[in-house]
Amino acid sequence: MVANKAKVYLVGAGPGDPDLLTMKAHRLIGDADVVVYDRLVSDEIMALVQDGASRINVGKQPRCHPVPQEEINDLLVNMAKPDRKVVRLKGGDPFLFGRGSEEAAHLHANGIDYEVVPGVTSASGCAAGIGLPLTHRGLANGVRFVTGHCREDMPLDLDWRGLADADTTLVIYMGRANISQISIRLISEGLAATTPAMAVANGTKADQRHVISNLGEISAAAADVDLDGPVLFVIGRVVGLAGELGIELETEAVDDVLAAAQEVRRA
Ligand SMILES: C[S@@+](CC[C@H](N)C(=O)[O-])C[C@H]1O[C@@H](n2cnc3c(N)ncnc32)[C@H](O)[C@@H]1O
């Protein structure tokens, strides 16, 4: 890392497994003088920070934001100094649902250089961690990443009709609180309740858990299994490949789910 001019590196930490860091992220984290990090950055990755470096936790919980975004933006500007190596470390990819672009714009507006180092986003990480693809010839010709989180007490305002498309895979970030509402809206727009669906918690970490069900039941299934930690939902025919790919199912209604998935695939 060359740091003779004030610059902040916006670095993706990936979904949790340190082996999924890019080589560049690994090097920057190890060289940093200051690391400003989020709740979802794993302990194993924070262990790569050198002794003596400042570690600043600005982690947020859903509906509870200990450090307001504006303060994080200002903190980054204040931390950036010539010859100081500053890493802003974010879970997954910094420019996917991570407000990284707001931080970049604020740095730029204040005359500070920034560089983005992409990370493995949780959609790819979780799918790979389970062993499922996000697209598959004949089953899904595209994939869409959407947020399942809305501003306090506001209804989720998504293009439900467009999203209720059996030919694409839908990945829902931050959807735990609203998965019931999301399922109902998709079904009401015509997506079959039998469409295979999966929830993954703590994807790629040692305590990764998943549940495979269908759209109509995924909300109850995820609640039954009591998934802890960040949860990602994947909805679409690709999830129905679980049997063929030898993926372990954590639900009890395994046979029903796989039979329903096969039906959806044939339709
Ligand atoms: C604020 S978003 C950040 C997304 C991140 N920038 C990325 O690219 O993955 C947080 C959401 O990402 C998902 N997420 C992040 N890490 C995860 C993991 N290890 N397992 C499951 N979901 C994860 C969850 O849906 C969580 O609510």
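The values are calculated or read from the model by the stated rules, or taken from the named source; none is laboratory data. Since the model is a prediction, treat every value here as computed from it, not as a measurement. Here Cβ is always computed from backbone atoms with ideal geometry, including for glycine, and neighbour counts include all displayed protein chains. We work out accessible area using only protein heavy atoms, side chains counted, and drop any ligands, DNA or RNA first. Shrake-Rupley method; radii C 1.70, N 1.55, O 1.52, S 1.80 Å.
When residues of segment 208-225 are filtered for being within 15 Å of the ligand (Cβ to nearest atom) and either farther than 24 Å from Gly14 by Cβ or in contact with a Lys or Arg (Cβ under 9 Å, 6 or more places away or on another chain) (or both), how many remain?
Going through segment 208-225, the residues within 15 Å of the ligand (Cβ to nearest atom) turn out to be 208-212, 218-219, 222, 225.
With the extra rule that they be either farther than 24 Å from Gly14 by Cβ or in contact with a Lys or Arg (Cβ under 9 Å, 6 or more places away or on another chain) (or both), the set shrinks to 218-219, 222, 225.
Number of matching residues: 4.
The number of residues in segment 134-154 that are touching a residue at least 24 places away in the same chain (Cβ under 8 Å) and more than 20 Å from Ala192 (Cβ to Cβ) comes to 5. Across segment 225-267, which residue is least open to solvent (accessible area, probe 1.4 Å) among those that are modelled with pLDDT of 85 or more and out of contact with any strand residue (DSSP E or B) (no Cβ under 8 Å at 6 or more places or on another chain)? Restricting to residues being modelled with pLDDT of 85 or more and out of contact with any strand residue (DSSP E or B) (no Cβ under 8 Å at 6 or more places or on another chain), the top hit is Gly243. Here Tyr114 meets each of (1) open to solvent by 20 Å² or more (accessible area, probe 1.4 Å); (2) within 13 Å of the ligand (Cβ to nearest atom) with one exception, condition (2).
Give segment 175-193 a look and list any residue that's more than 14 Å from the ligand (Cβ to nearest atom), open to solvent by less than 40 Å² (accessible area, probe 1.4 Å) and part of a loop (DSSP other than H, G, I, E, B), or say none. Once the filter is applied, which keeps residues that are more than 14 Å from the ligand (Cβ to nearest atom), open to solvent by less than 40 Å² (accessible area, probe 1.4 Å) and part of a loop (DSSP other than H, G, I, E, B), segment 175-193 yields only Leu191. Taken over segment 73-100, the criterion of being within 13 Å of the ligand (Cβ to nearest atom) and among the aliphatic types (A, V, I, L, M) is satisfied by Leu89, Leu96. Inspect segment 124-142 for any residue being surrounded by fewer than 21 Cβ atoms within 10 Å (Cβ to Cβ), among the basic types (Lys, Arg) and within 14 Å of the ligand (Cβ to nearest atom) and give the result as yes or no. The answer is no; no qualifying residue exists.
Select from segment 13-44 the residues that are of a type in the set (D, E, K, R) and part of a helix (DSSP H, G or I) and write down the one among them that is least open to solvent (accessible area, probe 1.4 Å). Give the derivation first.
In the first step, residues of segment 13-44 are kept if they are of a type in the set (D, E, K, R); the result is 17, 19, 24, 27, 31, 33, 38-39, 43-44.
After this cut, where a residue has to be part of a helix (DSSP H, G or I) as well, the list is 19, 24, 27, 31, 43-44.
Details: Asp19: 134, Lys24: 81, Arg27: 114, Asp31: 57, Asp43: 125, Glu44: 101 Å².
It comes out as Asp31.
Within segment 145-163, restricting attention to residues that are more than 14 Å from the ligand (Cβ to nearest atom) and either touching a strand residue (DSSP E or B) at 6+ places or on another chain (Cβ under 8 Å) or of a type in the set (S, T, N, Q) (or both), the residue that is modelled with the highest pLDDT is Leu163.
Here Glu70 clears all of (1) open to solvent by less than 60 Å² (accessible area, probe 1.4 Å); (2) free of Cβ contacts under 8 Å to residues at least 24 places away in the same chain except the condition numbered (1).
Applying the set (1) in contact (Cβ under 8 Å) with a residue 12 or more places away in the chain; (2) open to solvent by 60 Å² or more (accessible area, probe 1.4 Å); (3) of a type outside the set (Lys, Arg); (4) more than 16 Å from the ligand (Cβ to nearest atom) to His106 leaves exactly one unmet item: (2). Candidates in segment 194-210 are the residues that are in a strand (DSSP E or B) and surrounded by 24 or more Cβ atoms within 10 Å (Cβ to Cβ); of these, the one that is farthest from the chain's Cα centre (by Cα) is Pro196.
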